[in-house]
Amino acid sequence: MKVQAVTKYVRISPLKARALARNLVGMPADGALQSLKWIPRKSARLMFKTLKSAVANAENNFNLSIDQLTLSEAIVNEGPVIKRFQAVARGSAHPIRKRTSHIKIVLTSKDENEKDCKK
């Protein structure tokens, strides 16, 4: 059983969010929530909210317990870029690109993970 949650148009660079997302894959859901709670980064706060939403989806829609869930995918895609300009000397302007991200977290139940290992 795969359960997912998506957070779109988050105002953080995908590069910064991917650095944290790589470390989460393969962790149990409750362990990932505990570790994200204590990481002092903006990306950790956003991943925590998305992971919490995915766990709530699993509990409410599929009657799965948090103990059965493993984080199988944490994908951070690029969203639209907000373009601004900053005034500089001699009447020039430098472009500023404010990047956004789409965060997708996929959880799988342990029963499915064990079936994949047996194959």
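Between the entries [x] 14, 53, 31, 1; [y] 12, 35, 25, 15, 10, 3, 0; [z] 14, 39, 25, 12, 6, 3, 1, the label attached to P(r) over Cα pairs in 10 Å bins from 0, in percent calculated for this structure is [z]. In the chain, taking the dipole from charged Cβ atoms about the Cα centre, the farthest positive-side position among A44, L107, A87 is held by A87.
Here the 3J(HN,Hα) profile of segment 14-31, calculated from phi with Karplus coefficients 6.51, -1.76 and 1.60 at θ = phi - 60°, is x, 4, 5, 6, 5, 4, 7, 4, 4, 7, 8, 4, x, 7, x, 4, 5, x Hz, Gly and Pro shown as x. Considering only P95, P40, P80, the Gaussian network model of the chain with Cα springs below 10 Å gives its largest mean-square fluctuation to P95.
The relative contact order of the chain comes to 40 percent, based on Cα pairs under 8 Å that sit 6 or more residues apart. Suppose every Lys and Arg Cβ carries +1 and every Asp and Glu Cβ carries -1, with no other charges. What dipole size does the chain come out with about its Cα centre, to the nearest 20 debye? About 1020 debye. Relative contact order, whole percent, for segment 1-53 stands at 44, derived from Cα pairs under 8 Å and 6 or more residues apart.
Coordinate-derived values only; no laboratory data. Remember, predicted model here, so these are calculated numbers, not experimental data. Positions of Cβ are backbone-derived with ideal geometry, glycine not excepted, and every protein chain shown enters the neighbour counts.
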